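**Student:** Below you will find the structure I want to go over with you.
The values are calculated or read from the model by the stated rules, or taken from the named source; none is laboratory data. The structure displayed is predicted, hence computed values, not measured ones. Cβ sites come from the backbone with ideal geometry, for glycine too, and all protein chains shown count toward neighbours.
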Amino acid sequence: MNQKRLPLILSAFIAISFLTGCANESQNTNRSDTSYAESQEQTDLTSDTQADGFDWESVRQDITLDGKKIDFPFSVNDLGKGYEIPYVTDDLFGENACYGTVEKPGEYVSETVCMVFFDGIKSDQYNDDVKCTRISSADSLMIQGIGKGSSFEDAEKILGKPYQSDDSARYYLSKSGNERIEVYYDAEDTDKVSEVQITIFPKNDEQKDFSDSTKRSEE
């Protein structure tokens, strides 16, 4: 009698083991899918997850360059005595734009402060009262206390979520879409900021993909 029952018991045991294995595999698959979905949600920085954007009028109240409080946009004359742009060059990325490097007297040679861009004029139309529409390469630029050495956590408390990011920076738009702030990663510590940049777009420009910080909108 026991010999007749043994095959039945073994068959039942195999069936139960098979069903248990399938259930565990299903649970692991679901857990893996959930983990992947959560990962995608955390790393997705496209416009679908963008917040309303930062308030430019509030942000612009606390911008400093080279230790000086500035209003943006600004001209070289707004920076005060000693600051100058020795050369202004036509911008290849804009039909009607130019750029130059702001310098100040140093102990032995002139020191570079930043690079500035001007929309709506060519280089031969430039004078030191013209206000720039973009600033870059500025180690001393601070926006609401955010600048070189700040954490991205602190930056996003001020600027909200980025609308786009790449391997070098995160890009933030204002509520109007007319102003952009770029926050660049520190090469040695990607949780830290190496530089911030500001761009003001001409009001009649169409909103485009600005992930490449060298692209210029054309009128």
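**Student:** Just need a number here: residues in region 129-171 that are part of a strand (DSSP E or B) and closer than 22 Å to residue 201 by Cα.
**Tutor:** Just the residues of region 129-171 that are part of a strand (DSSP E or B), to begin with: 134-136, 142-143, 146, 151, 164-165, 169-171.
After this cut, where a residue has to be closer than 22 Å to residue 201 by Cα as well, the list is 134-136, 142-143, 146, 164-165, 169-171.
Residues flagged as part of a strand (DSSP E or B) and closer than 22 Å to residue 201 by Cα within region 129-171 amount to 11.
**Student:** Please determine, by comparing only the residues of region 105-127 that are without any contact (Cβ under 8 Å) to a residue 12 or more places away in the chain and acidic (Asp, Glu), which one is nearest to residue 76 (Cα to Cα).
**Tutor:** 111
**Student:** So residue 204 ticks every box in (1) under 27 Å from residue 85 (Cβ atoms); (2) in contact with an Asp or Glu (Cβ under 6 Å, 6 or more places away or on another chain); (3) at pLDDT below 90 but one. Which box is left unticked?
**Tutor:** The single condition residue 204 does not satisfy is (2).
**Student:** Moving on. Pairs please, first residue from region 190-204 and loosely packed, with under 11 Cβ neighbours inside 10 Å, second anywhere and at pLDDT below 95, Cβ atoms under 8 Å, 6+ apart in sequence or on different chains.
**Tutor:** From region 190-204, the pairs are 191/151; 191/152; 191/153; 203/178; 204/219.
**Student:** Listed residues 157, 148, 161, 192; which is within 19 Å of residue 57 (Cβ to Cβ) and either touching a helix residue (DSSP H, G or I) at 6+ places or on another chain (Cβ under 7 Å) or assigned by TED's automatic domain parsing to the domain that holds residue 134 (or both)?
**Tutor:** Values: 148 fails: within 19 Å of residue 57 (Cβ to Cβ); 161 fails: within 19 Å of residue 57 (Cβ to Cβ); 192 fails: within 19 Å of residue 57 (Cβ to Cβ).
So the residue among 157, 148, 161, 192 that is within 19 Å of residue 57 (Cβ to Cβ) and either touching a helix residue (DSSP H, G or I) at 6+ places or on another chain (Cβ under 7 Å) or assigned by TED's automatic domain parsing to the domain that holds residue 134 (or both) is 157.
**Student:** Test residue 143 against the stated conditions and say whether it is closer than 22 Å to residue 98 by Cα and either surrounded by fewer than 16 Cβ atoms within 10 Å (Cβ to Cβ) or in contact (Cβ under 8 Å) with a residue 60 or more places away in the chain (or both).
**Tutor:** For residue 143, the condition - closer than 22 Å to residue 98 by Cα and either surrounded by fewer than 16 Cβ atoms within 10 Å (Cβ to Cβ) or in contact (Cβ under 8 Å) with a residue 60 or more places away in the chain (or both) - is not met.
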